[in-house]
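See structure below.
The values are calculated or read from the model by the stated rules, or taken from the named source; none is laboratory data. Source: prediction; values computed, not measured. Here the Cβ is made from the backbone with ideal geometry for all residues, glycine too, and neighbour counts use every protein chain on show. Heads up: the accessible areas ignore ligands, DNA and RNA and are worked out on the full protein's heavy atoms, side chains in. Shrake-Rupley method; radii C 1.70, N 1.55, O 1.52, S 1.80 Å.
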Amino acid sequence: MTFCFTGVRSFPKLWKSNSYLGLCPGHSYMSLFPKDCYGIRNQHKWFSLKTASPQNTKATNLPIAKARYRRKGNESCNKQVSPESSHLFAAGAAKKRAQMNPQSKDHALPPVKNIIQLPTKPLNSEEWDKLQEDFKGKANFEDWIISQMAHYNSSVDVAKSLLAWVAAKNNGIVGYNLLVKYLYLCVFHKQTSEVFDIYEIMKARYKSLESGGTSLLIRGLIHSDRWREALLLLKDIKKVMTPSKKNYNDCIQGALLHQDVNIAWNLYQELLCQDLIPMMETLKAFFDFGKGIKDDQYSNKLLDILLYLRNNQLYPGESFAQSIKTWFESGQCLGCGKTIESIHLSPEEYEYLKGKIMRDVIDGGDQYKKTTPQELKRFKNFVKYCPPFDIVIDGLNVAKMFPKARESQVLLNVVSQLAKQNLQVLVLGRKHMLTPCARWRKDEMEKVQKQASCFFADNISEDDPFLLYATLHSGSHCKFITKDLMRDHKACLPDAKTQRLFFKWQQGHQLAIINRLPGSKITFQHILSYDTVVQTTGDSWHIPYDEDLVERYSYEVPTKWLCLHRKT
């Protein structure tokens, strides 16, 4: 078999939503199942939360709040559950005891130093030959070097040059161990097209794969359009052994990412039937997906997950706890307790809007005469071989948000902060941004390209069709960052229904930066969780209205609500 290589606080919100049904105090009690400072709260009233410090709840990344018990009927609270950090079983107590009573240290062997330095750029055959000559270790050079690359997460291009060198020496044959280690790097760096290539090679060469290689392929496929093939690989594992909880986690994440909720729940039930304890990130994924779903059946399943945590004495981490809290903040009127409609589109609405925008705005929009069909096709191919993005950034727009700051530094700060959260980021820019100058430093742009996927269009091209395409193609979880309010794109849509869905989608997905102080963390504008339209449940009406002294533009929404109930 031949191995072939293919070479947000300082200025007003975007939607001007400052208060709803009366702004509550900064130091407030919120239901957990909480209410927020916009006067919208959740359905359930059995618990309340008190924030650890008087934070402004408009900012993202809220601290996890301390829970306390409250009787039904909105009675005053009796006792607050206070943490007892000194008791025997408190988190961190064992470490403190160990520090107070240090034991003699084990005589550990000194770490083995690298025999040679790992290359940082692809090498040709002569350079690999020289590196092998310099290698003084007892292990096989090829196995040792690929293991070190996997350990230090080396560049895929460097590892690929190693495999090309090995293949050239062995009539195109590369050993299984090298293929699997190279596959690991491709999966780690989310190089989907390379995962496909290795997958095809392995299928052709081996009748069956060991569990490690199969697990890597599952993880590499779930972010792609071929994610269902990961389910077939899971079946292959089940023929010889019980899949690991990581295998189930990857397949569940893939199903949720591609909006197949039934498969995700079926896999979760199958996991429990195997007496496996699900990973916390698996459970978190269900809550994250449920933020935009108004479905009693789905909600009941999430409540079952909470009971599972209780019955098995499992504790979520901070990130998971925040996801649970956010799910409960589904939106409820403070005056009557009725649920307010979610800002998130249903799966059917999302697919309808996606089709309309692809056809009427991206492919058929007259305002995009500056963007050539060839360039748009090049961009679509680029997106096709990338994993779904979590954030799409209008690079030029974001870089110019702070006129006194250097553009490349602003862009780098935003990308770095998002990359630290392990988000898959796409930066859209123009080719002139890569030309070194006082406003665009070469070293800063190189750092941007290391931390995010980047696409630089021609200088005369419009950015917006690329931004809309990448965001919608990535799925309903994907957000985008730009100051552009997209009024021209909304006007291109053919009917009032589509324009309404576009504006609703935009409000739930467009992030804005609200402050950037020198050396400080960038803050993003809060995204509403509920829809600002006249709503009714039959016996009640909720009507957003304009205040007399507040001027509201057509692309803004009111901040006050009228809550009406029919007397019985």
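ASN124 passes every criterion in (1) touching a helix residue (DSSP H, G or I) at 6+ places or on another chain (Cβ under 8 Å); (2) open to solvent by less than 60 Å² (accessible area, probe 1.4 Å) apart from (2). Here GLN506 fulfils each of the conditions (1) farther than 30 Å from TYR385 by Cα; (2) open to solvent by less than 50 Å² (accessible area, probe 1.4 Å) apart from (1).
Return the residues of the stretch 440-468 that are among the aromatic types (Phe, Trp, Tyr) and open to solvent by less than 20 Å² (accessible area, probe 1.4 Å); say none if nothing qualifies.
First pass over the stretch 440-468, keeping only residues among the aromatic types (Phe, Trp, Tyr): 440, 455-456, 466.
The answer is TRP440, PHE455, PHE466.
To keep it simple, each residue is scored yes or no on (1) open to solvent by 30 Å² or more (accessible area, probe 1.4 Å); (2) within 21 Å of VAL187 (Cα to Cα).
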{"residue": "GLY395", "(1), (2)": "no, no"}
{"residue": "VAL398", "(1), (2)": "no, no"}
{"residue": "LEU418", "(1), (2)": "no, yes"}
{"residue": "VAL425", "(1), (2)": "no, yes"}
{"residue": "GLY429", "(1), (2)": "no, no"}
{"residue": "MET433", "(1), (2)": "no, no"}
{"residue": "ALA438", "(1), (2)": "yes, no"}
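Hey, can you tell me all the residues within the stretch 224-248 that are aliphatic (A, V, I, L, M) and either within 20 Å of HIS189 (Cα to Cα) or open to solvent by 60 Å² or more (accessible area, probe 1.4 Å) (or both)? Within the stretch 224-248, ALA230, LEU232, VAL240, MET241 qualify. Taken over the stretch 165-178, the residue count meeting the criterion of being buried (at least 20 other Cβ atoms within 10 Å of the Cβ) and either under 16 Å from TYR385 (Cβ atoms) or not β-branched (Val, Ile, Thr) (or both) is 2.
Test LYS483 against the stated conditions and say whether it is open to solvent by 50 Å² or more (accessible area, probe 1.4 Å), assigned by the TED database to the domain that holds ASN397, part of a helix (DSSP H, G or I) and of a type outside the set (Ser, Thr, Tyr). Reasoning before the result, please.
Numbers: open to solvent by 50 Å² or more (accessible area, probe 1.4 Å): yes; assigned by the TED database to the domain that holds ASN397: yes; part of a helix (DSSP H, G or I): no; of a type outside the set (Ser, Thr, Tyr): yes.
Judged against the criteria, LYS483 is not a match.
I'd like to verify a number: residues in the stretch 263-279 that are open to solvent by 60 Å² or more (accessible area, probe 1.4 Å) and among the hydrophobic types (A, V, I, L, M, F, W, C), how many?
Residues of the stretch 263-279 that are open to solvent by 60 Å² or more (accessible area, probe 1.4 Å), as a first pass: 266, 269, 273-275, 277.
Still in the running and among the hydrophobic types (A, V, I, L, M, F, W, C): 273, 277.
Of the residues in the stretch 263-279, 2 are open to solvent by 60 Å² or more (accessible area, probe 1.4 Å) and among the hydrophobic types (A, V, I, L, M, F, W, C).
If the requirement is being modelled with pLDDT under 90 and out of contact with any Lys or Arg (no Cβ under 8 Å at 6 or more places or on another chain), which of these qualifies: LYS207, LYS160, LYS169, LYS130?
On the way: LYS160 fails: modelled with pLDDT under 90; LYS169 fails: modelled with pLDDT under 90; LYS130 fails: modelled with pLDDT under 90.
One residue alone meets the criteria, LYS207.
Pairs meeting the criteria (first residue in the stretch 485-502 and of a type in the set (Val, Ile, Thr), second residue surrounded by 19 or more Cβ atoms within 10 Å (Cβ to Cβ), beta carbons under 8 Å, at least 6 apart or on different chains) are THR498/LEU353; THR498/LYS356.
Here is a yes/no grid of residues against (1) in contact with a Ser or Thr (Cβ under 8 Å, 6 or more places away or on another chain); (2) under 26 Å from PRO465 (Cα atoms):
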{"residue": "LYS497", "(1), (2)": "no, yes"}
{"residue": "HIS509", "(1), (2)": "yes, yes"}
{"residue": "LYS521", "(1), (2)": "no, no"}
{"residue": "THR536", "(1), (2)": "no, no"}
{"residue": "ILE543", "(1), (2)": "no, no"}
{"residue": "GLU547", "(1), (2)": "yes, no"}
{"residue": "GLU551", "(1), (2)": "no, no"}
{"residue": "SER554", "(1), (2)": "no, yes"}
{"residue": "PRO558", "(1), (2)": "yes, no"}
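Scanning the stretch 532-556 for residues that are of a type in the set (Val, Ile, Thr) and open to solvent by less than 70 Å² (accessible area, probe 1.4 Å) turns up THR532, VAL533, THR536, ILE543. Within the stretch 486-510, the residues that satisfy the criterion of being out of contact with any Leu (no Cβ under 7 Å at 6 or more places or on another chain) and not in a helix (DSSP H, G or I) are MET486, LEU493, PRO494, ASP495. Out of all the residues in the stretch 145-162, which are closer than 10 Å to LEU185 by Cβ, open to solvent by less than 40 Å² (accessible area, probe 1.4 Å) and either aliphatic (A, V, I, L, M) or not in a helix (DSSP H, G or I) (or both)? If the condition is that a residue be closer than 10 Å to LEU185 by Cβ, open to solvent by less than 40 Å² (accessible area, probe 1.4 Å) and either aliphatic (A, V, I, L, M) or not in a helix (DSSP H, G or I) (or both), then ILE146, MET149, ALA150, SER154, VAL156, VAL158, ALA159 are the ones that fit.
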